[in-house]
Amino acid sequence: MSDYKVTVTSQPFGTTRSGESVERWILSNGSMEAVVLTYGATLQKLSVPDRHGAVREEVLGYDT
């Protein structure tokens, strides 16, 4: 079994129109990263290495 160092961090992202706080959770193991918003469990970003090792972003969307 490989030893992966996984980090999980959270940041404020904004608020909804009704004033509910939305956070951004970032899960990373150094080569892959997933960013999930607490508003509807929205996958905002997913970065993974391709077969050649180049990191690619796999989710299309808006930065804000």
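The values are calculated or read from the model by the stated rules, or taken from the named source; none is laboratory data. It should be emphasised that the depicted structure is a prediction, and the values quoted were computed from it without experimental measurement. Methodologically, a virtual Cβ is constructed for each residue, glycine included, from the backbone with ideal geometry; neighbour enumeration extends over all protein chains shown. Remember, those area values only see protein heavy atoms, side chains included, never the ligands or the DNA or RNA. Shrake-Rupley method; radii C 1.70, N 1.55, O 1.52, S 1.80 Å.
Every condition in (1) in contact with a strand residue (DSSP E or B) (Cβ under 7 Å, 6 or more places away or on another chain); (2) loosely packed, with under 11 Cβ neighbours inside 10 Å holds for S18 except the one numbered (1). Which residues, counting only those in the range 21-42, are exposed (fewer than 12 other Cβ atoms within 10 Å of the Cβ), at pLDDT below 95 and among the polar types (S, T, N, Q)? Hit for the range 21-42 is S31, nothing else.
Does the range 49-64 contain at least one residue that is in contact (Cβ under 8 Å) with a residue 40 or more places away in the chain, open to solvent by 80 Å² or more (accessible area, probe 1.4 Å) and of a type outside the set (A, V, I, L, M)? Checked against the condition, which is being in contact (Cβ under 8 Å) with a residue 40 or more places away in the chain, open to solvent by 80 Å² or more (accessible area, probe 1.4 Å) and of a type outside the set (A, V, I, L, M), the range 49-64 yields at least one hit. Name the residues in the range 30-51 that are over 14 Å from G61 (Cβ atoms) and either assigned to a strand (DSSP E or B) or touching a strand residue (DSSP E or B) at 6+ places or on another chain (Cβ under 7 Å) (or both), would you? Within the range 30-51, S31, M32, E33, T38, V48, P49, D50 qualify. Listed by first and then second residue, the pairs linking a residue in the range 1-29 that is outside any strand (DSSP E or B) to a residue that is among the hydrophobic types (A, V, I, L, M, F, W, C) and modelled with pLDDT of 95 or more, with Cβ atoms under 7 Å apart and 6 or more places separating them unless they lie on different chains, are V6/L27; T16/V22.
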